[in-house]
Amino acid sequence: MAPVTHPGACPLDCPDTCVWQLTVDDGRAVALRGDRDHPFTRGALCGKVNRYLDAVNGPDRLTTPWIRTGPKGAGRVAYRPASWAEAVDRVAAGLRASIDRDGPESVLPYYFAGTMGLVQGWTMGPRLFAHLGASRLDTTICTAAANAATRSMYGRSVGFEPESIVEARLIVLWGSNPLVTNLHQWPFVQQAREHGAYVVTIDPLRTDTAARSDEHVAPLPGTDAALALGLMRHVRDAGAADEPWLAAHTVGWAELAARLDEWPVERAAAECGLPVEVLRRLGDRIATTRPTAIRVGLGLQRHSGAGQAIRAICALPLLTGDFRYPGGGALVTTSGHHPVDNGPVIRPAGMPAPPARSLNMSRLAAVLTGEADPPVTSLVVFNANPAATAPDQTRLLAGLRRADLFTVVLEQRWTDTCDHADVVLPATMQPEHLDLQTSYGHHYTTLNLPVTRAPGEALPNTEIFRRIAAALGVDHPAFRDSDEDLARQLLAGTPITFEELRERTYARLTGVPVGSAPFADGGFPTPDGRARLHDPALARLGVDPLPGYTPPVEAADADLAHRFPLLLLAPAGRYLMNSTFASLPWHARRAGPPRVHLHPVDAAARGLADGDAVRVRNDRGAFLAAVAVDEATRPGLAFTYKAYWARSSPGRSTVNAVTAVRDADLGGAPTFHDCRVEVEPVPAELLATEPPADHPATPATEHPTGPATGHPAAPVTAAGTAAPRR
Ligand SMILES: Nc1nc2c(c(=O)[nH]1)N[C@H]1C(S)=C(S)[C@@H](COP(=O)(O)OP(=O)(O)OC[C@H]3O[C@@H](n4cnc5c(=O)[nH]c(N)nc54)[C@H](O)[C@@H]3O)O[C@H]1N2
Ligand SMILES: Nc1nc2c(c(=O)[nH]1)N[C@H]1C(S)=C(S)[C@@H](COP(=O)(O)OP(=O)(O)OC[C@H]3O[C@@H](n4cnc5c(=O)[nH]c(N)nc54)[C@H](O)[C@@H]3O)O[C@H]1N2
Ligand code: SF4
Ligand SMILES: [Mo]
């Protein structure tokens, strides 16, 4: 049969959610390109996903379940392949033992956005754990501070329409690096520029985005709230507050105006480590330019005062009345525009779901080493690689190696987390399963149908959880729902239908506040439609009801500053997606080995030259890296990229060995970027990494090319769409 091309969606944790066209020959994916007609992503995939088929067709795909036979942490040599029947029985026995001995809350699922697909991520797995009465996972690792802040101020995470930024005359990219992390937003920024817009990037680091902006403002990390308060003060004093709009569509302007009395630009500039003229100039621009669009990234929220910082930034366009104009206002994520509610899908009416405690995923290292009472004795990980991505790695790995912890990992390839599992279960990838994607960077919903054969015996997460449910003796009809049933349930209550998506792959939101200037006349998703500059609900939680400034914890600690003089950021790198792709040869080559970037002043003070080997350390742990000396950063501030894998890193640890378990001010969010370290030279030999002998390069099970032996992919119909699996 001739090759056939099918539409689908990129599943990665990226705001762009590209629509792609995948060419399939004899059940195997052979080519991938972007969908040129998609209104937001317009045909180009990013570099790392242009090579996505390396991941799909890689010889290192997991094709069979694995059961541990040796010590935890000893690598894949400590495992043997097993049949699904044996593996699922082993999982059920492990979970049952925890439940019987320690109660259902001793079981903890740990999952995030390894796939952003709602069906494979947020349906059958969470449903099973809800039904068991397992501990609930508070999914804070990425957007918790931003969500709490936008919920407080705007009602939900809503803002201007990403495409409408073309209308803006001033664009502020605040703690956001779209050229690396939100690529398809950039052409809209460029289009605005062609019409005369001025682009300012606010980032402590000179990223590609900062370098290609008209102006780069580089505050000290964690000081954005002070910056926003100072700018608001300047706007107010310039007489540029939009009093009629504030009166009609916000609450709390009088209280905020009084707060601004405390924030002369001189104070703000001193907190941010910026010349006062920089604030005055930016304040003047904001005061005089309508519309101003503030595109807020997620990187700036990994700080102790992040919630209030985002509240302060989100208050600024309320002051200027920018939401009046197409292209004006602020946007953190578009998530709050998508009306999908997975609550009733996880806990369907009529399915028993006992109440249970919540555990904060960002505190996993603490949860597994004594913080949880009763302790967690079973952990089921899917769509995540916490051994690489969660903070306080040394403590976390000690927790994962506990003899009394039973761990199950559902994965596509063998990660650092798999090294600590009792049972590893092989999962399908996007071309092999059905999924539904909303987006945190635009207003389209996309359907992805299975169009290729899964390798070996890999199964979709949903099917794995159905089998575990059956092995546990759970006999509720909710565990017989097909993936299409789940997708339909997710779409219930939205203006988008499954049929429409099957026909056209993606659909734009309608009937919710979208389009140009959706909040021109207020109508924020708060009970009274007004945005809340002052939020009494926060006061009831003991939190400052006004946007305020919480200084970073480690930056402000004098004793710590003496011992660990450098602040360390670990933002996103271009060629990896969190820890995804870190083990693939092309991606690993492009990403290069771990490096820590130092300002020439800091390098010289330590006698370090470009390329030297160093240990980056603090009281929590250490990782090894090569030094990169450049002026992308300022004296006293170092950076590296997030989420390498420990087992392929020198010294077998990564940046998360130095990051802390500490909650931000709102949402229980993590504070990866509030981190002090010292950097010291080590012998160059320490950087040499051998291919790990405990992870044989040749998989024990060959990647099959014949018919799948496990769960077959849905048959592909003549029309080129896959028949839904029932
Ligand atoms: N290529 C690639 N793309 C990705 C990812 C990836 O790993 N690789 N990750 C995805 C995920 S999970 C997410 S959440 C998004 C994140 O998307 P972004 O938020 O755009 O990315 P980050 O690199 O985390 O952070 C953006 C910038 O915030 C800056 N920053 C750090 N601290 C501060 C601060 O205190 N103030 C200010 N103003 N800026 C600060 C960092 O220097 C960084 O350049 O990207 C997604 N896209
Ligand atoms: N130091 C530092 N650490 C950080 C950050 C930072 O800025 N600095 N950023 C944080 C942020 S923003 C985030 S979002 C987290 C992300 O952290 P994680 O959620 O752990 O993300 P990934 O590292 O991408 O791991 C996702 C895993 O899911 C697997 N996967 C993908 N699809 C499927 C599927 O369908 N089924 C199954 N079973 N598995 C699948 C992939 O193979 C991959 O191994 O990392 C955080 N860690
Ligand atoms: S990672 Fe983002 S930019 Fe790259 S293809 Fe996926 S959705 Fe598009
Ligand atoms: Mo994230």
task = Place +1 on the Cβ of every Lys and Arg and -1 on the Cβ of every Asp and Glu in the chain, take the dipole about the Cα centre, and give the residue among THR207, PRO391, VAL217 whose Cα lies farthest towards its positive end.
result = PRO391
ask   = Between THR394 and GLU86, what FRET efficiency comes out of the Förster formula 1/(1 + (r/R0)^6) with R0 = 30 Å and r the beta carbon distance, rounded to 0.05?
value = 0.35
ask   = In nm, to one decimal, how far is the modelled label at ASP475 from the one at GLU371, with both set 7 Å along Cα→Cβ?
value = 4.0
remark   = Extension length gain for MET351 and ALA537 (0.36 nm per residue less Cα distance), in nm, is 63.8 nm
message = I'd like the Karplus ³J(HN,Hα) series for region 257-263: coefficients 6.51, -1.76, 1.60, θ = phi - 60°, whole numbers in Hz, and an x wherever there's a Gly or Pro.
response = 4, 5, 4, 5, 4, 7, 10
key: Nearest 10 degrees, 0 to 90: helix 276-288 Cα axis against the chain principal axis   = 90
task = State the extension gain, in nm to one decimal, for the chain segment bounded by GLU194 and GLU215, taking 0.36 nm per residue of separation less the distance between their alpha-carbons.
result = 6.0 nm
message = Given contacts defined as C-alpha pairs under 8 Å and at least six residues apart, what's the relative contact order of region 16-165, whole-number percent?
response = 11
message = Sort 680-687, 250-257, 140-147 by the packing proxy (mean of other Cβ within 10 Å over each peptide's residues), most packed first.
response = 140-147, 250-257, 680-687
key: In range of the label at GLU690: residues from region 619-663 whose backbone nitrogen is under 17 Å from the point 7 Å along Cα→Cβ   = 647-653
inquiry  = Nothing charged except the Cβ atoms of Lys and Arg (+1) and of Asp and Glu (-1): what's the magnitude of the dipole of the chain about its Cα centre? Round to the nearest 20 debye.
reply    = 680
request  = Pop out the carbon and sulfur fraction of the accessible area of the chain as a percent, whole number, probe 1.4 Å.
outcome  = 53
query = Taking every DSSP beta bridge that has both residues in the chain, what percent is antiparallel when rounded to the nearest 5?
reply = 45
key: Packing-based order for 234-242, 454-462, using average beta carbon neighbours within 10 Å, highest first   = 454-462, 234-242
message = Keeping every protein chain present and rolling a 1.4 Å probe, give me the accessible area per residue for region 529-639 in Å².
response = 42
request  = Hey, can you find the accessible area per residue of region 1-100 for me, probe 1.4 Å, expressed in square angstrom?
outcome  = 38
request  = Please calculate how many Å² of accessible area region 145-332 carries per residue, with a 1.4 Å probe and no DNA, RNA or ligand atoms counted.
outcome  = 28
key: Sites ASP557 and GLU266 - FRET efficiency at Förster radius 22 Å, r taken between beta-carbons, to 0.05   = 0.35
remark   = With a Förster distance of 45 angstrom and the Cβ-Cβ distance between ASP284 and ASP102, calculated FRET efficiency to the nearest 0.05 equals 0.15
query = Tell me, in nm to one decimal, what length is gained between ARG508 and THR23 on full extension, where the rule is 0.36 nm per residue of separation less the Cα-Cα distance?
reply = 172.1 nm
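The values are calculated or read from the model by the stated rules, or taken from the named source; none is laboratory data. Worth saying up front: this structure is predicted, and the values here are computed from it rather than measured. Ideal geometry is used to build each Cβ from the backbone, glycine not excepted, and the neighbour counts take in all protein chains shown. Keep in mind that these areas ignore ligands, DNA and RNA; they rest on the heavy atoms of the full protein, side chains included. Shrake-Rupley method; radii C 1.70, N 1.55, O 1.52, S 1.80 Å.
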